[in-house]
1. Taking only the alpha-carbon positions of the chain and ignoring solvent, what does the Debye formula give for the base-10 log of I(q)/I(0) at q = 0.10, 0.11 Å⁻¹?
2. Springs between alpha-carbon atoms under 10 Å, Gaussian network over the chain: tell me which of M250, M292, M163 tops the mean-square fluctuations.
3. Go ahead and set up a Gaussian network model of the chain, Cα springs under 10 Å, then flag whichever of W291, W243, W61 fluctuates most.
4. Heavy atoms only, probe 1.4 angstrom, no DNA, RNA or ligands counted: give me I7, I152 ranked by accessible area, highest first.
5. Report the local net charge at R19: Lys and Arg +1, Asp and Glu -1, summed over other residues whose C-beta lies under 10 Å from its C-beta.
6. Return the single residue from V246, V208, V258 with maximal mean-square fluctuation; model: Gaussian network over the chain, springs between Cα atoms under 10 Å.
7. For the stretch 131-139, take each phi angle, set θ = phi - 60°, evaluate the Karplus expression 6.51 cos²θ - 1.76 cosθ + 1.60, and give the result in whole Hz per residue in order, putting x for glycine and proline.
8. Starting from the residue with the highest accessible area, list R33, R143 in decreasing order, probe 1.4 Å.
Amino acid sequence: MADVAIIVPTLRRPDSLERALRSLFAQTGVGDRVAEIVVVDNDPSGSAAAGVEALRPLAPWPLIHVHAPRPGVATARNAGLAATGAPLIAFLDDDEAASPGWLAALLKAREATGADVVFGPITGRAPGAEAWLKPYLERFFGREGPDHTGLIEDAYGCGNSLMVRATALPGPAPFDGAADQAGGEDDALFAALRTRGGRFGWAADARVEEFAPPHRTTLEYALARAFAYGQGPSQTAAASRDWPAVLRWMIIGAGQAVVWGAGAAALTVLRSPRRAELYDRTARGVGKLFWMKRFEPHFYGARELARLDRSAG
């Protein structure tokens, strides 16, 4: 029974998209479970259309190109959902490449755990990064979890996930368009799912590789993302108007900023490669303090297009 759609949002990354799609074409152990692969082209010019068309003869399942011309991560995900009626939705980012048993492992884990959302591990790759930064960046772009498949307490990001549409993705546009530029649309979705009693699972064998593009393999970019991740707990509490929790997170953030900031300063003097990890922790602490929307960095949509234009130039 074809009950799974794989959604791949993409923004002006033709080579990376081809690598992602070819990894999907090579999936094993899923038989007739895949209904379609939906590529959501988030470039206003629709630049992914030609590449998708060229790969269509190689696809073992229907390959659909959807043009979502307004750049934004939530808009792209919602457009992908609108293009399929499949009851199970798998997400793979365009900078990821799935292992051959990826989808089969996600499906097996969902059936074993009964989870509403299942996540898998990610091996980060940072080609071209400075030597001292590379180990940190590859951990930063990666994701590790339990050694064994099972239920977990915390949610991860949408990249490398499988969701039950009826419970995890309610309504025609479950991703909040307000997150189009800054991201965090998946955090909000999963926080709401948790309040409804939703369950999260982990598929230990559903591994993908994530290849960070050159404009992201910098300390500046990673620390901006770390700051945004730090904002998450405070913002979630604020969205629920749980002001005592906001205050608690801000106090925690202040402590982290002081302690890890002092450690980062010491390791900077010593020129230790480990300083990047402490920069990261410091940034997350500062993010808990400055959680307000006016301090929110933007990583997607128009800002990402601008970064791509600069890197191409």
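1. Normalising to I(0) and taking log10 leaves -0.57, -0.69.
2. Ranking M250, M292, M163 by mean-square fluctuation puts M292 first.
3. Evaluated over the chain, the most mobile residue of the options is W243.
4. I152, I7
5. On the way: positive: R13, R22; negative: D15, E18, D94, D95, E96, E209.
My count for the surroundings of R19 gives -4.
6. Top of the fluctuation ranking is V258.
7. 4, 6, 8, 4, x, 4, 5, 5, 6
8. Numbers: R33 55, R143 25 Å².
Largest to smallest exposure gives the sequence R33, R143.
The values are calculated or read from the model by the stated rules, or taken from the named source; none is laboratory data. Bear in mind that the values here come from a model prediction, so they are computed numbers and not experimental data. Neighbour counts are summed over all protein chains in view; Cβ atoms, including those assigned to glycine, are modelled from backbone coordinates with ideal geometry. These accessible areas exclude ligands, DNA and RNA; they are computed on the full protein's heavy atoms, side chains included. Shrake-Rupley method; radii C 1.70, N 1.55, O 1.52, S 1.80 Å.
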